[in-house]
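Read through the structure below, which is laid out as structure tokens, and then see the notes.
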Amino acid sequence: MTTDVTTELAAAIQRGYDQRDRANMAPTIAYFQALLAEHPDHPVLVYEVGGAYDTAGQEETARGYYERALTLGLEGDVLRRCLCQYASTLRWLGELGESLTVLDRARREFPDSDSVRVFRALTLNDADRPDEAVAELLTVVTEHAEVTDLGRWAVGLRGLAQWLADGRPD
């Protein structure tokens with residue numbers, strides 16, 4: 001099974017995004033389904049179909065496509081994006097433990113990913129673990145203090161993030 005995306009296929013995927021209307025996802029779903037029919041079981045296209053269903057608010061359907069794409073094998077940035085979107089879908093479906101399991105995998109495979117941390121923070125918040133959620137977000141923000149006006153507070157906020165992540169020890 002190939003995960004390669006040719007220049008032509010990348011352009012076709014981009015056309016799908018360029019034509020997308022988030023208020024009416026049916027044409028986008030049909031477009032990506034047709035593209036998948038031309039390239040059966042291509043893991044990237046299976047993922048893209050899942051994403052279209054996800055955007056349409058059809059999380060249960062999206063879930064199946066994400067799981068299939070992961071089984072078919074994704075790599076690199078597409079794998080990271082799929083893991084984030086799959087975890088987010090699981091969160092919307094109320095499967096918070098499974099969402100965190102997926103995000104923990106994503107964190108191991110992409111330890112420097114801000115998107116993984118942000119999606120993990122959302123799930124932690126929904127799982128009634130707000131301190132851990134805030135700690136995740138503070139970590140993301142303070143690692144980019146140079147592009148914010150956090151300046152001298154970044155170090156202190158990093159310490160606060162660690163304190164929250166550690167459960168507010170005395």
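The values are calculated or read from the model by the stated rules, or taken from the named source; none is laboratory data. Computed from a predicted structure; not experimentally measured. The accessibility values were calculated without ligands, DNA or RNA, using every heavy atom of the protein model including side chains. Shrake-Rupley method; radii C 1.70, N 1.55, O 1.52, S 1.80 Å.
Normalised by the number of residues in segment 27-127, the average gap of Cα pairs under 8 Å and 6 or more apart makes the relative contact order 20 percent.
Each stretch of four or more DSSP H residues adds -39500 (n - 2.57); spread over every residue of the chain, this sum gives -23000 deg cm²/dmol at 222 nm. For the pair segment 58-116 and segment 1-40, the centres of their Cα atoms are 20 angstrom apart.
Surface listing: GLU98, GLU8 arranged by accessible area from highest to lowest gives GLU8, GLU98, probe 1.4 Å.
For HIS144, the solvent-accessible surface with a 1.4 Å probe is about 70 Å², rounded to the nearest 10. With the gyration tensor restricted to C-alpha atoms of segment 51-109, the semi-axes of the equivalent ellipsoid amount to 17, 14, 9 Å, longest first.
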